[in-house]
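Let me begin by presenting the structure, written as structure tokens, before commenting on it.
The values are calculated or read from the model by the stated rules, or taken from the named source; none is laboratory data. Owing to the predicted nature of the structure, the values given are computational and were not obtained by experimental measurement. Because the Cβ atoms are built from the backbone with ideal geometry, glycine has one as well, and the counts that use them run over all protein chains shown. SASA here: full protein model, heavy atoms, side chains in, ligands and nucleic acids out. Shrake-Rupley method; radii C 1.70, N 1.55, O 1.52, S 1.80 Å.
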Amino acid sequence: MSTELYIGMMSGTSMDGVDAVIAELDEKSCHVRHTYSIPYSAELRAELLNLHSPAHNELELAASAANRLAHLYAETVRALLASAYVDKSRIRAIGCHGQTIRHRPELGFTLQLGNAALLAELLDMTVIADFRSRDVAAGGQGAPLVPAFHQAVFAHPQANRAVINIGGIANITDLPSAGVVRGFDSGPGNMLMDAWIERHQNKRYDAEGRWASTGVVIEKLLHQWLQYPYFSASPPKSTGRDSFNMAWLEQHLEKGYAPEDVQRTLLELTAQSIATAVTEFCDNVDEAYLCGGGAHNSLLLERLQGLLPAIKIRLSDSLGIGVNWVEAAAFAWLAQQCVEGKPANLPSVTGAKGARILGAIYAR
């Protein structure tokens, strides 16, 4: 297979905006050539957050939001192509994840908004979307899907590696030098920390963990949160805002807790749940590579290294893809797999009954 250009787009659980890349792909490598990102407006973000809970007229609201997302995705692609001086005719297809608003694999469904048909019309380009549903239909979690990409581009024959993506939700890929690849969501990444600082300081995220660093861990609260059954459940498993949300965060709060102490405790929850998952569910990891927005949180990185002292922790940049762009690159790769008619899920990760071709194609 010759080298081809694909666009990958990701709008994740953090709901901060759209990340897009132009990736040059062949059978064994992925080179991110150009990147672009557009943030969500406060209005759109609020609209999408509200759709995570049942509401009056939610079907119409969801369809309307999907159309708005399609226009934003189209705007992102146009800006990406213009900034890269790449004509759209050179792009084989766009892999568009869409915005998850419900993820309930235990009930047999997952829902990502985006109206891929409209996106294909707006751009006159081939769009591939709805990557998760086929895996769920085959009895899988539909998530995480990026471990197959991690295996393709990050695995090493002499090193036991882990890739830790800290987005809204944190997920881990176990890449042993030999043996079965595993992957799963470990629990909340940035999502709860972002929600808490937005409530108390009207900021979208805690830059470098600076606010958290002014607080102390509330051990009682941390212990109560860590008792949640999801953390001790064995993979395959996946999660999202359906489980980890403000109502979940608040269930054990007491009036005397200082907001900065809660923030520090939320950071510790993320760090400890990731570290415990790596220790219990991954095979003798030698080195770990971080990606996602949480990789910019220096306090979180410091805690992870402290909790996992025997593991060399680095950023995905050292493997050739910047921390902000790994997931978008993964959906370019997933689009390529779909176009080529190749399975792209890992049953050992998702629990599906077998390998499946993922994605629905909206041809130009």
Can you spot the lysines whose alpha carbon is less than 27 Å from Lys312's alpha carbon? Ignore those fewer than 8 places along the same chain. Lys28, Lys237
Give, rounded to the nearest 20 debye, the magnitude of the charge dipole that the chain has about its Cα centre when Lys and Arg contribute +1 at Cβ and Asp and Glu contribute -1 at Cβ. 400 debye
Quick one: Cα centre-to-centre distance for the stretch 272-303 and the stretch 107-123, in angstrom? 32 Å
Restricting the count to DSSP beta bridges whose residues both fall in the chain, what percent are antiparallel, rounded to a multiple of 5? 70 percent
Please name which of Asn160, Phe231, Ala335 has its Cα lying farthest along the dipole of the chain towards the positive end, using unit charges on Cβ (Lys, Arg +1; Asp, Glu -1) and the Cα centre as origin. Ala335
Taking the chain and counting helices only, DSSP H stretches of n ≥ 4 at -39,500 (n - 2.57) each over all residues, the nearest-500 ellipticity at 222 nm comes to -11000 deg cm²/dmol
Given GluC sites (Glu not before Pro), DSSP loops and at most 16 other Cβ atoms within 10 Å, the longest exposed-site-free stretch of the chain is 28-253
Testing the spin-label approximation: label points 7 Å from Cα along Cα→Cβ at Ala82 and Gln224. State their distance in nm. 5.1 nm
Starting at the first residue of the stretch 87-92, write each ³J(HN,Hα) from the Karplus equation 6.51 cos²θ - 1.76 cosθ + 1.60 with θ = phi - 60°, in whole Hz, x for Gly and Pro. 6, 5, 5, 7, 8, 5
Hand me the trypsin sites (Lys or Arg not before Pro) from the stretch 252-342 located in a DSSP loop with no more than 13 other Cβ atoms within 10 Å, in residue order please. Lys255
Could you check how much of the accessible area of the chain is carbon and sulfur, as a whole percent, using a 1.4 Å probe? 49 percent
Using only Cα atoms and rounding to the nearest 10 degrees, what angle (0 to 90) does helix 326-339 make with the longest principal axis of the chain? 40 degrees
For an R0 of 51 angstrom, estimate the FRET efficiency from the Cβ-Cβ distance between His52 and Arg364 and round to the nearest 0.05. 0.95
Mind pulling the angle between the C-alpha long axis of helix 191-201 and the longest principal axis of the chain? Nearest 10 degrees, somewhere in 0 to 90. 70 degrees
Quote the charge dipole size of the stretch 126-268 about the Cα centre in Debye, to the nearest 20; the model charges only the Cβ of Lys and Arg (+1) and of Asp and Glu (-1). 240 debye
Lysines with Cα under 19 Å of Lys220, excluding same-chain neighbours fewer than 8 positions away: Lys255
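Size of the dipole of the stretch 46-156 about the Cα centre, Lys and Arg at +1 and Asp and Glu at -1 on the beta carbon, nothing else charged, in debye to 20?
Numbers: 9 positive and 10 negative charges, 61 e Å.
With Lys and Arg at +1 and Asp and Glu at -1, about 300 debye.
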So, in Å, what gap is there between the alpha-carbon centers of the stretch 171-227 and the stretch 333-364? 29 Å
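Write down the accessible area per residue of the chain in Å², having rolled a 1.4 Å probe over the full set of protein chains.
Values: 15150 Å² over 364 residues.
Ligands and nucleic acids excluded, the figure is 42 Å² per residue.
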